[in-house]
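These notes concern the structure reproduced below.
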């Protein structure tokens, strides 16, 4: 089935919206945060550990899975769910962001697609809108993303204008070859921080009638928070209220709040797992760095009132030890906490919208959270 | 309390013995295999995951924990059990093996102890029999090991003779300062592959009346299987039947069988976790290397009749993918299987001894297991 978004209510104080998304793997609640399983694994965690964090949809990366193990192998395994043992909904990105950011520097963007070299072995590859969709069809995720151009934050207006046009043409080409009846396809709004480009991109993308819409071109290196919020503000008004809205690559608590306030339903980010592997943990008063020697003698949990597995079983002092000596268990345990932190935050956000008190929640949260 | 070994029975066909060991953290059954948590963590696994493998006693390393985070921090946390969140029995080694094998090459063995440089930062350190026991007292493991000299497999008879004498003096010095009333202290039999030295070492060590006895000086680089079996054969007859016997550092399935047949009760080894991180998994027909490309399309578990978490949830093809792309989850999942494999083997061995059919079990096992 295609995903179906049900709007339950909009907060009376802002655009924050409460909803549900019906998927092949059950109904999930929004706003929600999706943990990222780049290479068909949320780094260091079993899928049961991910689910214990309260996960709904998780994200996997088309670019990485295309290169290794290859979409045919995943398909042969019975699709991504069976391959990675996740019986919840899975969204795959288009591979575009990785091709533009991760692939070897020299890339050649043509109307056909993007010529680039594999970041693994330098092999010359071509990713096109059609290829991206074909790969995702085979991966058999519940939600596929259209292949878009991801321009750098430094791109000027004229570049972005052309890029928006190209992304629209690419979206149409991808949609034309999309064949998996159990997979939804989302369109992506581009246009940088420019109101007219965002509006144009949103309106034209919506005309193509996708199953959901994403706001792309944010979370790029060097992008300012202001530009990110503009990108959302200038896109949202032109998206239909009966389709889900997904802000790609965003996971800082403050940005989740700003996104929700503006009407975003879904977020994803590698942040909680990436910073965990470097010893950083979310707390209600901001991130803490467990490498700090002051934590060596701290035998309390990361957060004493947290309900995650890590906080119920392990102390800051122990986690610091693991991180300091390079035991991968440290990164896994802090990842569990960080993922649970963002998912719990989303649960609280949903409760606040129910009570039309999202802005109070946001104010309260930010009055304590510093960094 | 001190550990108490209860001999239930000896197999009618050989010296294999079935028993229980009463500890501060419950009664465990022997023969048993102890997973190794070198730095207060079985690499990549939560303690719940270790327990789900059926673990009884686990081992932690005094040398590593002395260097980082330091025994005082572990003590301040409430001891190793609380520090690492393991509510089963824990055995600590003496640090001797690591000082002799891992520390920077240049070491100076004196009567006082071993002068060496830290493998982490080159700091000059001195580990003595007293210091080893003091550290272990603070770590608060259930079982501490005496500090012994671990000569290389190439050591000649005269060297080993002197080494045995020194190990006896060191054992006495360690015993004299051992103060933790909740911690048992084991003596270690040395003497290489020489019958007279093993007998002398065993008899003199037993005279000191330890809570259990270990057979050391095996599993060294370059040691032959024959020398290992000799070391066991020449030590066991002189150990009391009412104390538990521990063969240090041994974990190959064939060696577990040979050890049990000769009357060994406890084994430990990093093998199951170390080979797992390199993609190797135990099966009933021998080890398989999941890096092998033939497993890319194999969507069956490592072993279809295995009851471990990994075999119930993940396939060879997926594990191969994780190992190939360098996801640490791969090593963790294969570690779970490998640890469970050895623990399950021990469960079966105990069943076979109950039925006086250990030698049949061994023959049957080895008729299938090839490598």
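Worth a mention:
- Among the residues of the stretch B:200-238, those identified as over 30 Å from residue B:1 (Cβ atoms) and assigned to a loop (DSSP other than H, G, I, E, B) are B:220, B:221, B:222, B:223, B:224.
- Among residues of the stretch B:341-371, those that are in contact with a strand residue (DSSP E or B) (Cβ under 7 Å, 6 or more places away or on another chain), more than 18 Å from residue B:272 (Cβ to Cβ) and crowded, with 18+ Cβ neighbours inside 10 Å, counted: 2
- Residue match in the stretch A:122-130 (condition: part of a loop (DSSP other than H, G, I, E, B) and surrounded by fewer than 17 Cβ atoms within 10 Å (Cβ to Cβ)): yes
Yes or no, residue by residue, for (1) in contact with a helix residue (DSSP H, G or I) (Cβ under 7 Å, 6 or more places away or on another chain); (2) surrounded by 22 or more Cβ atoms within 10 Å (Cβ to Cβ):
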position	(1), (2)
B:171	yes, yes
B:179	yes, no
B:189	yes, yes
B:201	yes, yes
B:226	no, no
B:274	no, no
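- Subset of the stretch B:2-38 (residues that are closer than 30 Å to residue A:325 by Cβ, part of a strand (DSSP E or B) and in contact (Cβ under 8 Å) with a residue 60 or more places away in the chain): B:21, B:23, B:26, B:28, B:32, B:33, B:34, B:36
- Residue in the stretch B:283-303 that is under 21 Å from the mean Cα position of the chain (by Cα), buried (at least 16 other Cβ atoms within 10 Å of the Cβ), more than 12 Å from chain A (Cβ to nearest Cβ) and within 22 Å of residue A:44 (Cα to Cα) present: no
- Qualifying residue in the stretch A:192-199 (condition: outside any helix (DSSP H, G or I) and at negative phi): yes
- Applying the criterion of at least 1 residues that are within 14 Å of chain B (Cβ to nearest Cβ) and at pLDDT 95 or above to the helices (runs of 4 or more DSSP H) found wholly in the stretch A:312-371 leaves A:316-325, A:328-354.
- Condition met for residue A:50 (within 12 Å of another protein chain (Cβ to nearest Cβ), touching a residue at least 60 places away in the same chain (Cβ under 8 Å) and over 17 Å from residue B:325 (Cβ atoms)): yes
- Residues in the stretch A:131-157 that are outside any helix (DSSP H, G or I) and surrounded by fewer than 19 Cβ atoms within 10 Å (Cβ to Cβ): A:152, A:153, A:154, A:155, A:156.
- Criterion violated by residue A:263 - all others in (1) away from chain B (no Cβ under 11 Å); (2) touching a helix residue (DSSP H, G or I) at 6+ places or on another chain (Cβ under 6 Å); (3) surrounded by fewer than 24 Cβ atoms within 10 Å (Cβ to Cβ); (4) on the phi < 0 side of the Ramachandran plot satisfied: (4)
- Residues satisfying the stated conditions in the stretch A:48-69, i.e. more than 20 Å from residue A:144 (Cβ to Cβ) and under 17 Å from the mean Cα position of the chain (by Cα): A:50, A:51, A:53, A:54
- Exclusive hit being crowded, with 24+ Cβ neighbours inside 10 Å and without any contact (Cβ under 8 Å) to a residue 40 or more places away in the chain, set A:89, A:69: A:69
- Flag if residue B:309 is surrounded by 15 or more Cβ atoms within 10 Å (Cβ to Cβ), within 12 Å of chain A (Cβ to nearest Cβ) and touching a residue at least 60 places away in the same chain (Cβ under 8 Å): yes
The values are calculated or read from the model by the stated rules, or taken from the named source; none is laboratory data. Keep in mind the model is a prediction, meaning the values are calculated, not measured. Heads up, the Cβs are rebuilt from the backbone with ideal geometry, glycines too, and the neighbour counts pull from every protein chain shown.
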